[in-house]
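Where a number appears in this text, it was derived from the coordinates with a stated rule and is not lab data. Remember, it's a predicted structure, so these values are computed and weren't measured experimentally. With ideal geometry, Cβ positions are generated from the backbone for all residues, glycine too; neighbour counts draw on all protein chains shown.
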Amino acid sequence: MAANQLEDVVQRWRTTEVFKPEDHKLFLNAGHTCIAQDDCTQLLDFIKEEANQHIVRSMGSGLLPALVNEVWRKDRSPANCQAILDQLVQICSMKELLNILLQQVEDTDPNAINLRTAKAIILMHPANPYKNMLLRMSESKACGLALALDSLQKQISKLPVPYSHKQEQEDVYGLCQSCTAVLTFVQPFVQEVKNQDTNSVATKLRAALLKFCMASLREPLLHVQLDREANMTEISPLWNFATEIMAILAVIQESLPKILFYHPLRGKEDTILEKDACHLNESRACMAYLLFVQLIAIEVFPTVFCPVFVLQCNMEYINLLLSRKDESWILKGLDLHVKSLERVTDCSLPVELLDLKPFHEVPKNLITIMIDCPIQHLRGKSLVVFQLFIEKLNGEAKRIMKTSHHAGVESIIIKNIKNQVERYRKSAQEDSWFEETPLISLLRDTIILPQGHETDLLHGMDRVMESLNLLRYLLIQERNNSTGIWIDLCHIADSYTKLLRLCLSMSKSYCRTELKRLREDKKIKAKEFKEVSGKRSVQSLIVKTEMLGNMPCEAQDKVLQCALVTYDLMKSLVVRIEEIIEDSQN
């Protein structure tokens, strides 16, 4: 449109309060042309003119997306564009401007996961219009802040999390820059809550900030690999983000014990915070990890809670973390479990705790990780944590082993019983479960062959060996320092070894028979091969061999021989136990 025609249109706009759709289109086209041609001075003069204020108020908000994109561009000076943004903030409807900005953030292409996606967070610019708009609002400020943070949180959750310090420093996808920017954005609102914590606006702002902090704990912090020692010596944006989130919770006067242990996010924050209870628990799990493992904000956490209570509360979060098939979650669960157990006195956890669901589920999850997890360091760490957990149980609670059904895990429990009996007898420590009748009762539940004479000794080798070692140790100790359980102990040992001898006899007989069969088959096949060489294909013989078993004959032979060696080792321990009993009777 020619300049004189546009001037005529502007003159008409100045005399009316009602604008048609074509007027909006014409206004935006003219404004976008000025912006695209880097001629923002003329547009700024138009907006500032008093006679045009009602025109800008009605149609100016549509210029916002183009202006924000221009401010982001590095190849042009954004000064005039920034000035226009400031003017629009002063003139246009706050609600309309906020909706347009939020829409621009949410419309960011989810497939463009790179620094451009991070840039969609308007807060990246120090003098962003969004924050200025919110700070100028009164009653609707909290609602606008909540909407803004929710949109930004969705964008942040799309960005991949760096898993090494090098990746964090490179920040290819912009997550670190986004987290830093969003912290800068919320600081004025945090300060307002701190300075005016009694009025209704501050209360609503507090709820919006609390929701943001809880969401940030889940995304991205629950997926971030943190290392306190490394992060204290090297600059880490994600470590800083974690510490600032915990600091904001303290500033807005949210009690960490209440959030973690008493779940208070239910009253006034109902409509904001209880939409997804699962997500809330994940956020609390991350908070517990940051607090007790990384010691972030531990200085503001009260020290009045006893270690057993803290463990009991944390077990829900530990169970949640260990239940996920995600390496970062499992690692956090294992670390939190260790830190929660370390302050608990050995042999002090009562059997009543095992009736609580988390105390029942966590050991099962640890066993699952030990057996099925494909990641070796997780399997090894879960074994260490499981052993530590067993160390903390009192004698009666050791009966948890009856729910295991895994020989390797049960052997750990039996070995721990031996260690605790030894510790009890060498010290003045009192534990009624390791003396006289309670100990005998514990042994009757422990020193058993689960399937009787049909027990697979090779599969249950670990449990059998530890049971025999425990019996041998107790018999020697009782012979040297009688505590009145010799007769009962001998009865348990006699019943166990008699049944074990029967199992050993049957197992060794089976192994020898299988070895003999394998060796005879080998001779027959060798003879057949000579007879049919040149007449039949070797391939048919190979197929026939595979049908004889699930593994090659040589491998079967080695397995059976190893089994016989294992059975001989078990028998030697049985003989030693019988000798101890016989020598004492003589």
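Things to note:
- Placed amide H near Leu349: partners under 5 Å, 5+ positions off or other chain: Leu393, Asn394
- Pairwise label distance in nanometres, Thr243 with Tyr510, each label 7 Å out on the Cα-Cβ vector: 6.1
- Gln103-Gln37 FRET efficiency (beta carbon distance; Förster radius 30 Å; 0.05 resolution): 0.75
- Estimated vicinal HN-Hα couplings, Hz - region 286-294 in sequence order (Karplus 6.51, -1.76, 1.60; Gly, Pro = x): 5, 4, 4, 5, 4, 6, 8, 9, 8
- Listed cross-link partners Lys258/Lys381; Lys211/Lys332; Lys194/Lys258; Lys332/Lys357; Lys194/Lys339 are compared with a 25 Å cut-off, the Cα-Cα value being larger for Lys258/Lys381; Lys194/Lys339.
- Rough spin-label spacing in nm, given labels placed 7 Å along Cα→Cβ, for Arg479 and Val18: 11.1
- Each label was represented as a point 7 Å from its Cα along the Cα-to-Cβ direction; for Thr184 and Arg343 these points are 3.8 nm apart.
- Förster radius 41 Å - calculated FRET efficiency between Glu49 and Gln169, Cβ distance, rounded to 0.05: 0.25
- Neighbours of Ile47 by Cβ distance under 15 Å: Lys/Arg scored +1, Asp/Glu scored -1, total -3.
- A straight chain from Asp456 to Glu422 at 0.36 nm per residue would run longer than the Cα-Cα distance by 9.3 nm.
- Region 368-388 residues near the modelled Lys325 label - backbone nitrogen below 11 Å, point 7 Å along Cα→Cβ: 373-374
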